[in-house]
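All remarks here apply to the structure that follows.
The values are calculated or read from the model by the stated rules, or taken from the named source; none is laboratory data. Note that this is a predicted model, so its numbers are computed, not measured. Note that each Cβ is placed from the backbone with ideal geometry, even for glycine, and that neighbours are counted across all protein chains shown. Areas reflect the complete protein model, heavy atoms only, side chains present, ligands, DNA and RNA absent. Shrake-Rupley method; radii C 1.70, N 1.55, O 1.52, S 1.80 Å.
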Amino acid sequence: DQTKEALELLKIIKPENEKQIAKQYYLLGRLYFSLGKFGKADEFYNDANLQDPTEPKYLVGISQTSFALNRLKLAERYANAALRDDPDLIDAELTLALVLNRYGEKKLAEKRFQDLIFSQPSNKILHLTYAKFLEQSDSRIKAINLLENFVKKNSNSPDILDYLGRLYWF
């Protein structure tokens with residue numbers, strides 16, 4: 001949570017080649033994304049992709065910012081492109097599930113989440129994202145059950161415990 005310090009450090013690093021420049025842009029994009037500055041994050045992700053078009057995680061970043069900026073078709077296109085390059089990119093899968101939900105395909109989105117959880121039962125980010133999805137779909141009890149089951153198997157999960165506490169609060 002020291003984004004300002006991280007931002008200052010990233011700005012003073014002098015990359016030596018295009019791949020390092022791309023990685024620096026990507027990290028800057030992540031920082032801006034975490035600050036909720038999605039337009040700025042999108043610029044950095046696109047710059048990273050231009051510097052190194054062989055790295056699919058840069059496409060995932062573009063997909064996530066496109067989703068945050070409500071550009072659903074772009075989000076879907078970039079997530080699918082990233083998955084063609086690397087089928088194991090969970091963040092691309094998550095973005096596609098969220099896009100499906102935004103399109104009104106709640107059942108398909110939920111099925112995608114469930115398939116992902118079945119294939120990666122200890123993925124904390126996946127469980128947290130699915131719980132948020134369930135909460136937004138007015139399924140708090142399902143979200144609570146999902147996180148309680150996760151905590152039983154993975155007790156050292158502060159983010160999960162924090163969100164579970166928030167769900168209990170509501």
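Odds and ends about this structure:
- Residues of segment 14-39 that turn out to be open to solvent by less than 50 Å² (accessible area, probe 1.4 Å) and in a helix (DSSP H, G or I), as a count: 9
- Neighbours by Cβ (under 9 Å, 6+ apart or cross-chain): first from segment 26-49, touching a residue at least 12 places away in the same chain (Cβ under 8 Å) and over 15 Å from ILE13 (Cβ atoms); second β-branched (Val, Ile, Thr) and not in a helix (DSSP H, G or I): none
- Among (1) surrounded by 13 or more Cβ atoms within 10 Å (Cβ to Cβ); (2) at pLDDT 95 or above; (3) closer than 21 Å to LEU126 by Cα - the single one LEU108 does not satisfy: (2)
One line per residue, one yes/no per condition, for (1) farther than 29 Å from ASP115 by Cα; (2) touching a residue at least 24 places away in the same chain (Cβ under 8 Å):
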position	(1), (2)
GLU5	yes, no
ILE13	yes, no
LYS19	yes, yes
LEU59	no, yes
ILE62	no, no
ARG77	no, no
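- Identity of the residue in segment 115-165, open to solvent by 70 Å² or more (accessible area, probe 1.4 Å) and of a type in the set (A, V, I, L, M, F, W, C), that ends up modelled with the lowest pLDDT: ILE125
- Only residues that are closer than 25 Å to PRO53 by Cβ and exposed (fewer than 11 other Cβ atoms within 10 Å of the Cβ) were counted across segment 1-12, and they come to 1.
- Sub-9 Å Cβ pairs linking a first residue in segment 125-148 that is within 19 Å of ALA92 (Cα to Cα) to a second residue that is aliphatic (A, V, I, L, M) and open to solvent by 70 Å² or more (accessible area, probe 1.4 Å), at least 6 apart or interchain, are LEU134/ILE141, ordered by first then second residue.
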